[in-house]
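Any read-out appearing in this document is the output of simple, stated calculations on the displayed coordinates, not a laboratory observation. Quick caveat, the model's predicted, so the values are computed rather than measured. Don't worry about glycine lacking a Cβ; one is built from the backbone with ideal geometry, like all the others, and counts go over all protein chains shown.
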Amino acid sequence: MPGSTATVVATTAHTTRALAKFIMSPSVRRRQFAQVVNKTFDDIDALAASPLAWNQKYEQIGRGRFYGRLTQLVLERLQLGRLNWFPGVLQTGAAPKNSWVFGLPIKAEGSLHVRRRPVQNGEILAATSRDDVGFAATGPTELMVVVLPNNLIRRWMQVRRGTNGMDPDLPPRHWAVSSAELALRSNALSTLLNELLDQSEVEVTTGLLTRVESRISDAILDMIPSAEIIESLHSRARVARAVLQLLHDRRDDPPSVTEICEQVDTRERTLFLSCVEAFGRPPAQLLLELRLNAVRRALVHPTPGENVTSAASHYGFTHFGRFASMYFHQFNELPSTTLAKSLGAS
């Protein structure tokens with residue numbers, strides 16, 4: 001048939017373009033999952049080569065048979081890991097491109113050194129991708145390691161601190177807290193890592209990234225002191241009203257502190273002070289209590305088929321053992337007891 005070849009070619013090209021557009025559409029985009037490394041090592045070079053997206057070298061310092069363990073979770077450009085070794089190591093290399101790396105010691109039997117200077121108690125380890133980490137540990141050590149991309153840090157600093165990022169030359173001693181406080185932050189990150197690894201597969205979704213970014217950023221960047229000027233009492237009252245409305249509206253989709261700051265157009269210290277003055281508690285605790293009250297109302301007045309899991313999930317609780325503990329602490333009874341009473345009364 002005349003012209004049939006041209007018609008077929010045109011139709012095929014049109015179909016190919018349409019198929020490509022369909023494949024790239026957000027609704028059918030391929031699902032992404034976190035990358036995980038969880039291994040033990042008896043060879044220091046194998047340990048050095050194992051972290052994803054890193055280029056580094058280790059040398060053993062100290063005597064004894066080498067032992068190392070690496071647990072690493074990579075969510076796009078965000079990394080969370082736990083690293084330990086025996087006896088000691090000397091590390092050279094830089095953080096992954098366009099990022100900062102932070103280390104929070106869990107335990108260290110020898111001295112720690114980063115960027116060619118000793119690390120004091122309660123001090124966070126920090127280095128950028130532009131220079132050598134210059135890390136040394138003279139004895140057995142266990143660290144929580146976090147890699148944060150520059151754009152995430154920049155946004156957090158703009159919203160929470162009112163500055164345009166972090167100075168790469170800022171001495172890490174400015175980021176020191178008490179040893180007890182640093183241990184709490186290390187344990188919080190370790191708990192988060194365990195929670196994520198407890199899942200058989202960690203699908204990288206926008207919601208997951210937002211939650212993980214928020215918890216990691218709060219554990220790390222919250223150590224940086226603020227130079228913010230506190231707003232007036234009248235302005236703080238306005239902030240408190242706006243925060244309460246936002247938290248009521250977002251009980252089923254709990255915002256991070258960074259999101260709250262953005263939504264009510266204030267900085268973190270003003271936000272904190274506004275809530276303490278108005279409600280006697282910081283914003284995170286207020287949001288938690290509002291969500292727990294919302295779950296309780298759902299259990300006191302259950303809809304057909306309502307159960308504890310569905311009520312808790314609706315208001316953003318994903319770790320049900322921890323939820324039950326917080327609920328009991330708040331109301332002095334388990335959520336299952338609340339529901340049983342309601343069903344018995346009905």
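Worth pointing out:
- The length gained on full extension between GLU76 and GLU109, counted as 0.36 nm times the residue separation minus their Cα-Cα distance, comes to 8.6 nm.
- Hydrophobic, long helices, defined as DSSP H runs whose alpha-carbon span along the helix axis is 20 Å or greater and whose mean Kyte-Doolittle value is at least -1.0, occur in the chain at 4-24, 179-197, 206-220, 233-249, 283-300.
- Restricting the stretch 106-148 to trypsin sites (Lys or Arg not before Pro) that sit in a DSSP loop and have at most 14 other Cβ atoms within 10 Å of their own Cβ leaves ARG116, ARG130.
- Contact order normalised by residue count of the chain, Cα under 8 Å, 6+ apart, percent: 12 percent
- Taking amide H as placed 1.01 Å from N in the peptide plane, GLN79 has its amide H under 5 Å from the amide H of VAL147, each at least 5 places away in sequence or on another chain.
- Within the chain, helix-based [θ] at 222 nm, where runs of 4 or more DSSP H residues each add -39,500 (n - 2.57), nearest 500: -14500 deg cm²/dmol
- Here the Karplus curve 6.51 cos²θ - 1.76 cosθ + 1.60, taken at θ = phi - 60°, turns the phi angles of the stretch 38-48 into couplings of 8, 9, 10, 9, 10, 10, 5, 5, 5, 4, 4 Hz, with x standing for Gly and Pro.
- For ALA126, distant residues with modelled amide H under 5 Å away: GLY103
- Over the stretch 228-287, Cα pairs under 8 Å with separation of 6+ residues give a relative contact order of 40 percent.
- Distance in nm between pseudo-label sites at HIS314 and ASP132 (7 Å out along the Cβ direction from Cα): 5.9 nm
- Gain upon complete extension [THR206, GLN330; 0.36 nm per residue less C-alpha separation]: 41.6 nm
- For VAL89, nonlocal amide neighbours, meaning residues 5 or more places apart or on other chains whose placed amide H falls under 5 Å from its own, are ILE61, ALA137, GLY139.
- Estimated at 0.36 nm per residue, the fully extended path between ARG69 and ARG238 surpasses their Cα-Cα distance by 55.8 nm.
- Here the stretch 292-345 is treated as a sphere whose radius is the Kirkwood value from Cα pairs; by Stokes-Einstein at 37 °C and 0.692 mPa s it diffuses with a coefficient of 303 µm²/s.
- Taken over the stretch 241-327, the convex hull of the Cα atoms encloses 94 Å³ per residue.
- Rg/Rh for the chain (Cα atoms only, Rh after Kirkwood) is 1.06.
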